[in-house]
1. Out of 141, 111, report the one residue that is within 23 Å of residue 75 (Cβ to Cβ), without any contact (Cβ under 8 Å) to a residue 60 or more places away in the chain and touching a strand residue (DSSP E or B) at 6+ places or on another chain (Cβ under 8 Å).
2. Consider residue 169 carefully, then state whether it is more than 20 Å from residue 84 (Cβ to Cβ) and either out of contact with any strand residue (DSSP E or B) (no Cβ under 7 Å at 6 or more places or on another chain) or exposed (fewer than 15 other Cβ atoms within 10 Å of the Cβ) (or both).
3. Given the conditions (1) at pLDDT below 95; (2) touching a strand residue (DSSP E or B) at 6+ places or on another chain (Cβ under 8 Å); (3) closer than 26 Å to residue 154 by Cα, which single one is not true for residue 30?
4. Being on the phi < 0 side of the Ramachandran plot, free of Cβ contacts under 8 Å to residues at least 40 places away in the same chain and over 12 Å from the mean Cα position of the chain (by Cα) is true for just one of 91, 43, 126. Which residue is that?
5. Surrounded by 15 or more Cβ atoms within 10 Å (Cβ to Cβ) and within 26 Å of residue 160 (Cβ to Cβ): is that true of residue 73 in this structure?
6. Go through the range 47-65 and report how many residues are within 16 Å of the chain's Cα centre (by Cα) and part of a helix (DSSP H, G or I).
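The values are calculated or read from the model by the stated rules, or taken from the named source; none is laboratory data. As the structure is a computational prediction, the values presented were derived from the model and not from experiment. Please note: Cβ atoms are built from the backbone with ideal geometry, for glycine as well, and neighbour counts cover all protein chains shown.
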């Protein structure tokens, strides 16, 4: 594990909304989680400030070990868009990604959320596994289709991002 000491599987992380003071640590965490796109530290500060109610920080022993950034879609507030999920290498295997997504959906701001969306490149196996498993555990439908394409949107500089939609309508939520 390249110099990291994993947390014990019995350790229990806490979840909370971020503060602007978390921006630098979140930026470092995202940078340590390839293939996630690195945004500017300023973008993470704005997420921690303006979108704090739809973002999640996971902490263990005072260390930020997980991050979910998201927002309600302005034209469809019944949809939460998850921009990134980052889990520290030493916290992997704790089911942290699914727990953070569940924590997010339990917040008052998500009371009317009927679906979750995210974009994932075809080669990001960890993200595909996380969102498929999350949808399955909530007995939701999971569909995907190309959204931002390599040629039409990224001018060949980035792989196609597939829009993944987890539809909770008419389903009974199960614990993550």
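1. On the way: 111 fails: touching a strand residue (DSSP E or B) at 6+ places or on another chain (Cβ under 8 Å).
Only one candidate passes the filter, namely 141.
2. Details: more than 20 Å from residue 84 (Cβ to Cβ): yes; either out of contact with any strand residue (DSSP E or B) (no Cβ under 7 Å at 6 or more places or on another chain) or exposed (fewer than 15 other Cβ atoms within 10 Å of the Cβ) (or both): yes.
So residue 169 passes the test.
3. Only one criterion in (1) at pLDDT below 95; (2) touching a strand residue (DSSP E or B) at 6+ places or on another chain (Cβ under 8 Å); (3) closer than 26 Å to residue 154 by Cα is unmet by residue 30, namely (1).
4. Details: 91 fails: free of Cβ contacts under 8 Å to residues at least 40 places away in the same chain; 126 fails: over 12 Å from the mean Cα position of the chain (by Cα).
Unique residue meeting the criteria: 43.
5. The answer is no for residue 73.
6. Of the residues in the range 47-65, the ones within 16 Å of the chain's Cα centre (by Cα) are 47-48, 51-59, 64-65.
From what's left, part of a helix (DSSP H, G or I): 47-48, 52-54.
Total satisfying the criteria: 5.
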